[in-house]
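Chemist: One structure follows; several queries about it will come next.
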Amino acid sequence: MTQSSFAKPKVLIITTGGTIASVNGKPMIDGPALVGALPELGNLADIQVEEFSKIGSSKMTPALWLQLSQRVNQLLATDEDLNSVVITHGTDTLEETAYFLHLTIRSPKPVIVVGAMRSANEISADGPANLINAVRVGLAPEAVGSGVMVVLNERISAAREVWKTHNRGVDTFQSSSSFLGVVDPDKIRFYRQTLYAHTANTPFRIEKLDQLPKVELVMDFTDFDPGIIDYFASKGLDGLVVGSFAGGRISAGMTEGLKRAAGKGLPICIASQVPEGRIIGYPEYDFPVLFAPDLSPKKARILLMLSLLLTDDPEQWQAYFEQF
Ligand code: ASP
């Protein structure tokens, strides 16, 4: 059935919890109540709501990422009238969920992830405006084919590049390159498109999975104890990501630990703890290592998890780190 030209666009809001659904810091507002509190949304679209979870996002897990992505894919594949999907989410792990979806959603239709820094009962709560803005961005023609986007504080960020940078401020989400666009009161303005491959243009298929490879993340620091890596290497991991210093440099202790772990065949990826700029001219280590040139360590972990599903060829893993 085709939509009548008078029909409003149909938007699905999937709620997962987080501060945007919180009272006094506790995620207790259910999906219909969160959306029902904003009748203005009805002027923009025919809004449907689905509650996926009601958790603080520190409780998000790879198994939940899989379920969420599978659900969004199923809905976008079966409901041709659906214009876009907006996902409300806690900000603590929002950038991880957004990047996972960015790599695994199979549709060009807009998927927007949105949160808030202030609970619904706080003065100047930012959730209502963020949610309205997220729906508006999902309705913008430029949002189609732009991958998963994050909308907070009137900014549109690419899932691949967004970092939470402030513990409390509403301008917490910054981009490691630049914002995709802005949400002005009168207009959604896109300044650029995301050019790295995403959504339907990735090879990652997760439809039948209920778990992902086990990949852990270790941050480097001065005087790092190599025994930390020995411990991780003894845990039966499928891969390890190291949050390195700028430029992919690592401490002597990290070097010693990684050399032993790599000798046991553990796939290791180095990603910089520093948000901006790429790792260029990869440093040479005398053990095999992958580099994520410009992904945060947390996002490199997600890409390594997905890459491990597809191949055991380290050259192909490295190619994925250049491509996605
Ligand atoms: N409580 C939070 C979370 O679920 C923080 C937030 O949403 O801002 O991540």
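Chemist: Considering only C-alpha atoms, what is the centroid distance from the stretch 68-93 to the stretch 284-305, in Å?
Modeler: Each part's Cα centre sits 28 Å from the other's.
Chemist: What number comes out for accessible area per residue over the stretch 188-313 if the probe is 1.4 Å? Units Å², please. Kindly include the intermediate steps, with their values, before the conclusion.
Modeler: Details: 6210 Å² over 126 residues.
On a per-residue basis, the stretch 188-313 sits at 49 Å².
Chemist: Which Rg and Dmax, in Å, describe the Cα atoms of the stretch 1-136?
Modeler: 14.3, 45
Chemist: Express the C-alpha Rg of the stretch 80-181 as a ratio against the empirical globular expectation 2.2 N^0.38 Å, rounded to two decimals.
Modeler: Numbers: Rg = 12.7 Å, N = 102, 2.2 N^0.38 = 12.8 Å.
Normalised by 2.2 N^0.38 Å, the Cα Rg of the stretch 80-181 equals 1.00.
Chemist: Hey, what D do you get for the stretch 142-224 in µm²/s if you plug the Kirkwood alpha-carbon radius into Stokes-Einstein at 37 °C and 0.692 mPa s?
Modeler: It comes out at roughly 213 µm²/s.
Chemist: Another one. Fully extended, how many nm does the chain gain between GLU207 and THR165 (0.36 nm per residue separation, minus their Cα-Cα distance)?
Modeler: Value of the extension gain: 11.9 nm.
Chemist: Run the helix sum for the chain: -39,500 (n - 2.57) per DSSP H stretch of 4+ residues, divided by residue count, reported at 222 nm to the nearest 500 deg cm²/dmol.
Modeler: Only helices count here, giving -9000 deg cm²/dmol.
Chemist: When DSSP assigns beta bridges and you keep just the ones with both residues in the chain, what percent turn out antiparallel, to the nearest 5?
Modeler: On the way: 14 of 48 bridges.
Percentage antiparallel, nearest 5: 30.
Chemist: Can you work out the FRET efficiency for the pair GLU80 and SER178, with r the C-beta to C-beta distance and R0 = 41 Å, to the nearest 0.05?
Modeler: 0.75
Chemist: Oh, and also: Given a cut-off of 24 Å, name the pairs among LYS164/LYS259; LYS10/LYS208; LYS208/LYS299; LYS59/LYS264 whose C-alpha atoms lie farther apart than that in the structure shown.
Modeler: LYS164/LYS259; LYS10/LYS208; LYS59/LYS264
Chemist: Could you tell me what percent of the accessible area of the stretch 1-156 is made up of carbon and sulfur, with a 1.4 Å probe and every protein chain present?
Modeler: 53
Chemist: Taking Cα centroids, how far is the stretch 147-182 from the stretch 191-221 in Å?
Modeler: Here the two parts' Cα centres lie 18 Å apart.
Chemist: From Cα pairs below 8 angstrom and at least 6 apart in sequence, can you work out the relative contact order of the chain, rounded to a whole percent? The partial results should precede the final answer.
Modeler: On the way: 709 pairs, mean separation 43.8, N = 324.
The value is 14 percent.
Chemist: Further question: Determine how large the accessible area of PHE245 is when every protein chain is in place; take a 1.4 Å probe and give Å² rounded to the nearest 10.
Modeler: 70
Chemist: Further question on the same structure: With a 1.4 Å probe and all protein chains kept in place, how do LYS299, LYS54, LYS59 rank by accessible area, largest first?
Modeler: Heavy-atom accessible area, descending, gives LYS59, LYS54, LYS299.
Chemist: Shifting gears a bit: Report the FRET efficiency, 1/(1 + (r/R0)^6), for GLN70 and ASP92, where r is their Cβ-Cβ distance and R0 is 22 Å, rounded to 0.05.
Modeler: On the way: r = 23 Å, r/R0 = 1.03.
Once rounded, the FRET efficiency stands at 0.45.
Chemist: Also, quick follow-up: List the trypsin sites (Lys or Arg not before Pro) within the stretch 178-234 that fall in a DSSP loop (any state other than H, G, I, E or B) and whose Cβ has at most 14 other Cβ atoms within 10 Å.
Modeler: Working: sites: LYS187, ARG189, ARG192, ARG205, LYS208, LYS214; in loops: LYS187, ARG192, ARG205, LYS208, LYS214.
The qualifying sites are LYS187, ARG192, ARG205, LYS208, LYS214.
Chemist: If the viscosity is 0.890 mPa s and the temperature 25 °C, what Stokes-Einstein diffusion coefficient in µm²/s follows for the chain when Rh is the Kirkwood radius over Cα pairs? Intermediate results must be reported in sequence, preceding the final value.
Modeler: Values: Rh = 20.3 Å.
Taking Rh from Cα pairs, D becomes 121 µm²/s.
Chemist: Take every Cα-Cα distance within the stretch 276-319, group them into 5 Å bins from 0 onward, and report for each bin the whole-number percent of pairs it holds.
Modeler: Result, from short to long distances: 5, 20, 27, 26, 17, 4 percent.
The values are calculated or read from the model by the stated rules, or taken from the named source; none is laboratory data. Every value quoted in this text rests on a predicted model; they were computed, and no experiment measured them. Methodologically, a virtual Cβ is constructed for each residue, glycine included, from the backbone with ideal geometry; neighbour enumeration extends over all protein chains shown. Areas reflect the complete protein model, heavy atoms only, side chains present, ligands, DNA and RNA absent. Shrake-Rupley method; radii C 1.70, N 1.55, O 1.52, S 1.80 Å.
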